[in-house]
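Encoded as structure tokens, the structure appears first; notes follow it.
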Amino acid sequence: AVFLLTDSRESRWLPTILCARHGKPCINAALGYDTFLVMRHGYGQGKRLGCYFCNDVVAPADSTTNRSMDMMCTVARPGLSFMASALAVELLAACTQHPLGAAAPAMTTQSSDADDDAVLGPVPHALRGSLHGFTLGHWPAEAFPRCVGCAPTVISALEERGFALVREACEQPKLLEEISGLVELLEGGEEWDIDDDEEEGDDNDDF
């Protein structure tokens, strides 16, 4: 398994796509000042769980240049990293003891120990914790078909172009949005907003 414990969003992209390409289990841990996210990336073929980038509609870009330390998530409460790291290890342990391994279905709010035969119980997909209110929640999310980190089109581009794709993605982050289909999706959304506004305007004229 691969653990992603890096300190920036863009540094997680290459390990994410490599794990998706080569079928490696991936556990991600990300910290804020008093919050953390621990999740396992989708694994296997067919219907999969989402990865770290599946909730984004923009490609990773430089997030550290000209930013203060607190804006780069390098300042965190004392116990935060230990909590996130411990949960990441437990998440992997739960996967290894599940009959389906890293492809185990995600635990939901309706899950119980009786739902599967896993030795360590149901396996969550993503855990989000906060020390501000001492809370911990979990939720499942399916893979986004236009994700810049695990979409089939992006993985195919990596297979065809290899390191050239990595270099070009670093130089032109928008390239991943084009390959994954995000650009087309966002442009379609803008057109829908315009049409919707026009329809609302016509309705107002009728009154």
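The values are calculated or read from the model by the stated rules, or taken from the named source; none is laboratory data. Small disclaimer: the values here were computed from a predicted structure and weren't measured. When we count neighbours, we look across all protein chains shown, and the Cβ atoms used for this are built from the backbone with ideal geometry, even at glycine. Ligands, DNA and RNA are excluded from the accessible area calculation, which covers all protein heavy atoms including side chains. Shrake-Rupley method; radii C 1.70, N 1.55, O 1.52, S 1.80 Å.
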- request: Look at region 16-25 and say how many of its residues are within 21 Å of Pro124 (Cα to Cα) and over 11 Å from the mean Cα position of the chain (by Cα).
  value: 5
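Among the candidates Ala102, Ala157, which residue alone is surrounded by 14 or more Cβ atoms within 10 Å (Cβ to Cβ), part of a helix (DSSP H, G or I) and free of Cβ contacts under 8 Å to residues at least 40 places away in the same chain? Reasoning before the result, please.
On the way: Ala102 fails: free of Cβ contacts under 8 Å to residues at least 40 places away in the same chain.
Just one listed residue meets the conditions, Ala157.
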message: Tell me whether region 173-180 contains one or more residues that are among the β-branched types (Val, Ile, Thr), part of a helix (DSSP H, G or I) and without any contact (Cβ under 8 Å) to a residue 12 or more places away in the chain.
response: no
message: I'd like to know if region 167-184 contains one or more residues that are surrounded by 13 or more Cβ atoms within 10 Å (Cβ to Cβ) and at pLDDT below 90.
response: yes
- prompt: Just to be sure, is Arg77 free of Cβ contacts under 8 Å to residues at least 40 places away in the same chain and in a loop (DSSP other than H, G, I, E, B)?
  reply: no
- prompt: Restricting attention to region 44-61, which residues are over 10 Å from Ala143 (Cα atoms) and not small (Gly, Ala, Ser)?
  reply: Gln45, Asp56, Val57, Val58, Pro60
- prompt: Looking at region 125-136, which of the residues that are in contact with a strand residue (DSSP E or B) (Cβ under 9 Å, 6 or more places away or on another chain) and either open to solvent by 30 Å² or more (accessible area, probe 1.4 Å) or in a helix (DSSP H, G or I) (or both) is nearest to Val58 (Cα to Cα)?
  reply: Arg128
- request: Please note which strands (runs of 3 or more DSSP E) are completely contained in region 1-74 and include at least 3 residues that are surrounded by fewer than 16 Cβ atoms within 10 Å (Cβ to Cβ), at negative phi and touching a residue at least 24 places away in the same chain (Cβ under 8 Å).
  value: none
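Pull up region 137-154, narrow it to residues that are assigned to a loop (DSSP other than H, G, I, E, B) and of a type outside the set (A, V, I, L, M), then point me to the one that is surrounded by the fewest Cβ atoms within 10 Å (Cβ to Cβ).
Only one residue fits best here, namely Pro145.
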